[in-house]
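Asks: What follows is a single structure, and I will ask about it in a moment.
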Amino acid sequence: MIRYAKLSLPFDAELTQSELLTIKEEWQPHFNVSYYEGSWTGLPLRTPDGKHDTIIPDLMGQAEYQDTTYMPYFPSVIKMLSGLNCPVMSVRFLNLQAGAVIKKHTDKGLFFEQGEARLHFPVFTNPDVEFYVDGERVIMSLGECWYMNAHLPHSVANNGTTDRIHLVVDCVVNDWLRSIFKSPDAISVKKEDKGREHLMIIQQLRRQNTITSNKLADDMEQQLKESDE
């Protein structure tokens with residue numbers, strides 16, 4: 001099972017920043033009020049039935065995912081989404097304001113191996129954001145794309161003085177997305193699930209035969225070795 005992975009998906013974060021600064025709509029408090037302390041809010045771009053007054057990402061009844069009235073304000077997001085050759089479900093901005101904390105929790109069933117991938121695209125961030133997945137800290141920089149296994153315990157603390165805003169996209173896993181995961185820029189695999197899948201990723205990296213891919217393969221092989229000790 002993959003904990004997290006840094007993926008090679010282009011995203012113009014600076015352009016998205018400028019687009020966000022023009023929006024004056026009300027951000028909505030996150031619905032899982034027991035999960036956090038401080039301010040954690042969202043702005044929905046794609047939701048069940050395209051409702052703009054909810055940031056709940058899951059389908060309900062016979063609903064279908066549709067863009068909200070906010071999506072046209074973000075051409076940079078539309079461009080990025082057009083490059084995802086997989087079904088896109090929920091799309092939303094999530095703002096963890098300075099000093100806020102998301103407590104350790106799990107989102108059951110939301111992980112790559114189960115057929116759903118949650119992608120994070122940092123738009124505003126700072127070095128004092130501490131994001132942990134299954135006990136490992138993940139440092140996500142501006143403009144990067146990270147897959148986070150929400151099925152595993154995870155938590156976030158914004159210890160900085162500025163807000164942390166991520167564009168969060170939930171995708172259906174298909175062959176195209178699987179191919180992206182075969183050549184990650186970085187990856188962490190849960191110890192008890194290292195095995196055939198881990199070895200397949202190492203083989204893919206070795207076939208690329210670049211300095212970066214070989215270094216990643218070396219790191220993953222070392223992880224396997226340590227797990228057997």
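The values are calculated or read from the model by the stated rules, or taken from the named source; none is laboratory data. On a predicted model such as this, the values are computed, not experimentally measured, just so you know. Using ideal geometry, Cβ is built from the backbone for each residue, glycine included, and neighbour counts are taken over all protein chains shown.
Asks: If you check Glu226 against the conditions, is it of a type in the set (D, E, K, R), at pLDDT below 95 and either out of contact with any Pro (no Cβ under 8 Å at 6 or more places or on another chain) or surrounded by 14 or more Cβ atoms within 10 Å (Cβ to Cβ) (or both)?
Replies: In short, yes.
Asks: Does Ile202 fit the bill of being buried (at least 16 other Cβ atoms within 10 Å of the Cβ), touching a helix residue (DSSP H, G or I) at 6+ places or on another chain (Cβ under 9 Å), of a type in the set (Val, Ile, Thr) and within 29 Å of Ile102 (Cα to Cα)?
Replies: Spelling it out, it is not the case that Ile202 is buried (at least 16 other Cβ atoms within 10 Å of the Cβ), touching a helix residue (DSSP H, G or I) at 6+ places or on another chain (Cβ under 9 Å), of a type in the set (Val, Ile, Thr) and within 29 Å of Ile102 (Cα to Cα).
Asks: Would you call Ser82 within 21 Å of Asn32 (Cα to Cα) and hydroxyl-bearing (Ser, Thr, Tyr)?
Replies: No.
Asks: Could you check, for segment 54-64, whether at least one of its residues is under 21 Å from Ala13 (Cβ atoms) and at pLDDT 95 or above?
Replies: No, segment 54-64 contains no residue that is under 21 Å from Ala13 (Cβ atoms) and at pLDDT 95 or above.
Asks: I'm told Thr161 meets every condition in (1) among the β-branched types (Val, Ile, Thr); (2) more than 28 Å from Lys51 (Cβ to Cβ); (3) surrounded by 19 or more Cβ atoms within 10 Å (Cβ to Cβ) except one. Can you identify the failing condition by its number?
Replies: (3)
Asks: Could you tell me whether any residue of segment 11-22 is farther than 22 Å from Ser141 by Cβ and either of a type in the set (S, T, N, Q) or at pLDDT below 95 (or both)?
Replies: Yes, the conditions are met somewhere in segment 11-22.
Asks: I need a count of the residues in segment 61-80 that are in contact (Cβ under 8 Å) with a residue 24 or more places away in the chain, among the β-branched types (Val, Ile, Thr) and out of contact with any Gly (no Cβ under 6 Å at 6 or more places or on another chain).
Replies: So the count comes out to 1.
Asks: List the number of the failed condition for Val168; all other conditions in (1) under 20 Å from the mean Cα position of the chain (by Cα); (2) modelled with pLDDT under 85 hold.
Replies: Status for Val168: all satisfied but (2).
Asks: May I pose another question? Condition check: modelled with pLDDT of 90 or more, closer than 17 Å to Ser90 by Cβ and in a strand (DSSP E or B). Does Thr69 satisfy that?
Replies: Taking the combined requirement at face value, the residue does not satisfy it.
Asks: Under 7 Å between Cβ atoms, which residue pairs at least 6 apart in sequence (or on different chains) link something in segment 14-30 that is in the same structural domain as Pro57 (by TED's automatic domain parsing) with a partner that is in a helix (DSSP H, G or I) and of a type in the set (A, V, I, L, M)?
Replies: Thr16/Val77
Asks: How many of the residues in segment 15-48 are touching a His at 6+ places or on another chain (Cβ under 9 Å), of a type in the set (Asp, Glu) and more than 23 Å from Pro75 (Cβ to Cβ)?
Replies: The total comes to 0.
Asks: Answer with yes or no whether Leu110 is of a type outside the set (Ser, Thr, Tyr), over 22 Å from Gly160 (Cα atoms), at pLDDT 95 or above and under 14 Å from the mean Cα position of the chain (by Cα).
Replies: No, not satisfied.
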